[in-house]
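Before any comments, here is the structure.
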Amino acid sequence: MFEWVFILISSTLFPFIFIYNFFYKTPFYLLECIAISFPIGIALSSFFSFYIGVFFQIYLSKSHSWIVSLFFFTLTLIELNFFRNQKRNQNQNQKRNQNQNENQNQNQNQNQNENQNKNQNQNETIIKQLINEIYTNGTFSIALFALMILFIYLFHIHFLRYTPDGRYTAMNGFADLPFHENIINSFIHGANSKWKGMNNLKTLFYSNEKFVYPIICNYHTALLVGAGQGGLREMLIIPSIMMIFSFIILLYFLNLRIFKSKNGAVISLFMFFFSGGLGFITFLKKLLTGNDVNLDNLNYVQWIDKGKEYFWWNPVDAMLINQRTSLFGYPIVISIFILLWIILTVDLKTTDFIKYAKAFSLAGFLTGILPLIHLHCFFAVAFVSILLCIFFFPITKPNQWIKYITSWSVFGIVSNIIAFPQLLMFFKRATKEGFAKISPVWIGENTNPFSYLFKALGILLILSIIGIIFLNSKQIKFYISTLLLAIFGWIVLLQPWKFDNMKILQIWFFVASGVAANTLVRCWPPSYIKNEKPLIKFMKTISIFFIIIIFISSIFSGYISVLRLPMKIAGLHSNEDYIVGNWIINNTDADSIFFTDNDYHASPVSTIAGRQIYFGFVGWSMNHGIDYVKRERKKNEMMRLLDDLENQEKADKFNQILDEEKISYIYLTGYRKLSDSVMENLDLKEVLSVSHITVIQRLYPHFD
């Protein structure tokens with residue numbers, strides 16, 4: 001019962017114990033240890049589960065889930081025993097040294113007592129350590145609680161919300177969620193339910209095409225659903241809550257470490273989550289003039305001027321709820337940035353090389369697992385890390401060159417050994433037209449780039465540029481590395497759809513939001529002093545007022561964008577869709593290919609049953625770089641033939657194409673019905689009719 005719970009607990013405990021024993025206090029806080037453990041645990045359990053299927057043909061089921069759980073529980077017990085023995089040996093060595101040095105001077109005894117007190121502090125219970133961190137970061141703890149309530153509610157309304165009429169979603173979930181359902185259900189009971197490896201996965205919206213996409217977040221959901229006692233909705237929500245919890249904590253600590261201000265780090269959270277440009281001005285103009293503001297329809301971040309789309313997405317609205325790969329990949333990216341910041345800002349001369357190499361190894365491992373979690377994240381980390389390696393090179397300290405180069409070599413070797421096998425599946429697709437070409441995002445907008453980007457990002461862009469004057473040399477080097485990533489994303493198109501570049505621009509904004517927040521904190525006037533001159537007090541009051549206005553202006557558009565999310569609910573799957581989908585699951589072969597008479601992206605054939613569609617939603621084929629033009633023409637030809645199957649010549653042609661494309665079922669919607677004579681002539685049988693949906697089986701297909 002609740003096998004999915006054991007998977008989550010066991011796979012999270014294993015990395016947590018490892019990170020806690022190796023990296024707690026040197027360099028991580030306890031909250032960071034917990035936050036980093038979530039994405040690592042999800043990734044490790046997914047990889048292990050996937051390759052159980054590859055090597056042993058044990059696919060998603062309760063027995064499969066128990067194998068995963070027992071494996072990680074066993075590793076955890078071995079790990080606990082190892083660290084317990086290590087600590088016992090350390091204590092014995094300390095006692096032995098103490099006995100040997102009894103006659104030494106008082107200062108040495110005092111040093112030993114200090115070491116013992118340090119060990120006692122380390123032996124405090126994790127609960128006490130956690131409470132202490134929550135208390136010392138009180139403002140952040142309140143912000144974390146508020147943001148978690150917001151995200152839990154948004155996950156609730158977006159992920160297949162139950163209603164008497166079927167399942168609903170909100171706003172962008174209507175476009176994005178069906179794509180993830182395709183992948184998840186293909187692993188549970190569909191075309192990929194008996195996978196052979198990463199290079200043998202099938203694309204559901206374009207039959208007989210290899211599927212090339214980072215699968216881990218959706219495969220993990222399939223793993224949890226396959227374990228039993230949990231529906232798809234619940235298994236979408238629970239890991240998402242874990243990942244957003246991880247994301248918020250890590251983003252706070254990243255900016256706390258870089259800019260050394262707790263208040264600034266908290267402000268950076270709100271600047272990131274509610275980022276947006278100048279759309280609020282359009283909103284206020286409409287509001288003040290009595291015009292309809294269309295809050296439920298209009299996105300005041302992406303659409304500012306009438307009919308003009310700007311290149312920015314609010315991360316809550318468009319990324320962290322619906323772009324599941326981003327939600328799972330971003331915490332890992334921030335973890336890597338935290339590690340790199342810590343490593344690059346210590347004194348190489350006095351730092352123990354082993355500790356230095358361990359931190360680089362962990363950063364390399366986290367980078368290496370990224371390709372199948374989020375490929376854009378892997379590219380962004382590789383891009384930024386190369387720049388950091390160059391910018392932080394100790395050119396004036398030749399005695400540190402070997403140590404520096406060796407440490408970065410550890411990072412590169414570890415990350416590439418892990419990542420390279422994953423990258424193989426992406427190479428062929430990435431060489432096609434539309435990938436990695438120079439195409440500035442403002443081209444065709446009849447405006448200059450500075451005006452365009454200012455409208456898109458507003459005051460946040462200005463603060464993140466002006467704020468450079470408040471940074472020291474190390475902070476500047478780190479920030480410029482991410483800023484160059486953003487400039488690259490504004491100029492070079494990585495995929496056919498330009499808005500996919502938003503996935504790397506958000507990574508720049510992890511640090512840019514910290515720079516913007518740091519600017520406000522540094523401009524905040526000092527506290528009022530007793531007997532201070534009235535003019536000085538007045539100037540301070542005016543300064544505070546303007547800083548508050550600037551802060552509100554920087555997040556107002558994003559706030560409107562988030563506020564509108566619950567206001568427009570869309571039906572995704574009707575009850576009839578589930579009847580059809582479940583019938584297909586129980587009565588058709590998992591490898592069956594369906595010809596559908598529409599390209600509806602949420603067709604129950606793929607999203608519920610996980611079966612392949614001959615040619616589904618064209619937008620997904622375009623975004624994935626599939627050469628779909630010939631098939632689109634052929635489907636259009638089939639649609640014309642379908643409407644005139646009484647003609648024997650056309651019926652024969654239609655049947656021939658069905659054989660060539662290995663299509664076993666025809667899925668009709670709306671008004672389309674085939675006559676009895678056509679059904680008999682083509683050896684077809686109506687096997688299901690529900691409401692407006694008809695499923696027809698080919699009785700004697702002739703596949704080569």
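The values are calculated or read from the model by the stated rules, or taken from the named source; none is laboratory data. Values in this document were obtained by computation on a predicted structure and should not be read as measured data. Please note: Cβ atoms are built from the backbone with ideal geometry, for glycine as well, and neighbour counts cover all protein chains shown.
Against the definition (crowded, with 18+ Cβ neighbours inside 10 Å, in contact with a Lys or Arg (Cβ under 8 Å, 6 or more places away or on another chain) and not in a loop (DSSP other than H, G, I, E, B)), how does Ile666 come out, yes or no? Answer is yes for this residue. When region 380-409 is examined, which residues are found to be in a helix (DSSP H, G or I) and among the basic types (Lys, Arg)? Of everything in region 380-409, just one residue is in a helix (DSSP H, G or I) and among the basic types (Lys, Arg), namely Lys403. If you go through region 479-488 and keep only what is under 14 Å from Ala380 (Cβ atoms) and either in contact (Cβ under 8 Å) with a residue 40 or more places away in the chain or not assigned by TED's automatic domain parsing to the domain that holds Ile390 (or both), you end up with Ser481, Thr482, Leu484, Leu485, Phe488.
Would you call Gly625 at pLDDT 95 or above and either within 15 Å of Ser186 (Cα to Cα) or assigned to a loop (DSSP other than H, G, I, E, B) (or both)? In short, no.
For region 270-278, the condition of being under 26 Å from Tyr29 (Cα atoms), surrounded by fewer than 17 Cβ atoms within 10 Å (Cβ to Cβ) and under 23 Å from the mean Cα position of the chain (by Cα) holds for none of the residues. Here is the figure for region 684-696: residues that are surrounded by fewer than 19 Cβ atoms within 10 Å (Cβ to Cβ), touching a strand residue (DSSP E or B) at 6+ places or on another chain (Cβ under 9 Å) and in contact (Cβ under 8 Å) with a residue 60 or more places away in the chain total 4. Ser45 meets all of the listed conditions (1) touching a Gly at 6+ places or on another chain (Cβ under 6 Å); (2) farther than 23 Å from Tyr252 by Cα but one, namely (1). Is one or more of the residues making up region 610-622 surrounded by fewer than 20 Cβ atoms within 10 Å (Cβ to Cβ), part of a loop (DSSP other than H, G, I, E, B) and not aromatic (Phe, Trp, Tyr)? No, there is no match, as no residue in region 610-622 is surrounded by fewer than 20 Cβ atoms within 10 Å (Cβ to Cβ), part of a loop (DSSP other than H, G, I, E, B) and not aromatic (Phe, Trp, Tyr).
Taken over region 278-330, the residue count meeting the criterion of being within 28 Å of Phe245 (Cβ to Cβ) and either touching a strand residue (DSSP E or B) at 6+ places or on another chain (Cβ under 7 Å) or modelled with pLDDT of 85 or more (or both) is 20. All of Ile402, Ile462, Ile395, Ile438 fail the test of being of a type in the set (A, V, I, L, M) and more than 29 Å from Ser473 (Cα to Cα), apart from Ile438. Set side by side, the residues Gly444, Gly412 differ, and just one is assigned to a loop (DSSP other than H, G, I, E, B) and small (Gly, Ala, Ser), which is Gly444. Could you tell me whether region 421-437 includes any residue that is closer than 17 Å to Phe311 by Cβ, assigned by TED's automatic domain parsing to the domain that holds Ser554 and at pLDDT below 85? So far as region 421-437 goes, yes, one or more of its residues are closer than 17 Å to Phe311 by Cβ, assigned by TED's automatic domain parsing to the domain that holds Ser554 and at pLDDT below 85. Looking at region 185-195, can you tell me whether even one residue there is outside any helix (DSSP H, G or I), touching a residue at least 40 places away in the same chain (Cβ under 8 Å), among the aliphatic types (A, V, I, L, M) and not assigned by TED's automatic domain parsing to the domain that holds Tyr479? Yes, because at least one residue in region 185-195 is outside any helix (DSSP H, G or I), touching a residue at least 40 places away in the same chain (Cβ under 8 Å), among the aliphatic types (A, V, I, L, M) and not assigned by TED's automatic domain parsing to the domain that holds Tyr479. The sole residue among Ser63, Ser141 that is of a type in the set (S, T, N, Q), modelled with pLDDT of 95 or more and either more than 29 Å from Pro604 (Cβ to Cβ) or loosely packed, with under 15 Cβ neighbours inside 10 Å (or both) is Ser141. Within region 599-609, restricting attention to residues that are farther than 17 Å from Tyr162 by Cα and part of a loop (DSSP other than H, G, I, E, B), the residue that is nearest to the chain's Cα centre (by Cα) is His601.
Where helices (runs of 4 or more DSSP H) fall entirely within region 495-598, those with at least 3 residues that are small (Gly, Ala, Ser), surrounded by 18 or more Cβ atoms within 10 Å (Cβ to Cβ) and not assigned by TED's automatic domain parsing to the domain that holds Ile693 are at 502-523, 534-563.
A single entry from Leu463, Leu483, Leu471 fulfils the requirement of being out of contact with any Asp or Glu (no Cβ under 8 Å at 6 or more places or on another chain), among the aliphatic types (A, V, I, L, M), modelled with pLDDT of 95 or more and surrounded by 21 or more Cβ atoms within 10 Å (Cβ to Cβ): Leu463. Checking Thr203, Thr221 one by one, the residue that is β-branched (Val, Ile, Thr), touching a Pro at 6+ places or on another chain (Cβ under 8 Å) and touching a residue at least 12 places away in the same chain (Cβ under 8 Å) is Thr221 and no other.
Identify, from the list Leu70, Leu80, Leu44, the residue that is buried (at least 19 other Cβ atoms within 10 Å of the Cβ) and in a helix (DSSP H, G or I). Selected residue: Leu44, the only one of Leu70, Leu80, Leu44 that is buried (at least 19 other Cβ atoms within 10 Å of the Cβ) and in a helix (DSSP H, G or I). Exactly one residue among Ile67, Ile58, Ile52, Ile78 is under 20 Å from Ile418 (Cα atoms) and among the hydrophobic types (A, V, I, L, M, F, W, C), and that residue is Ile52.
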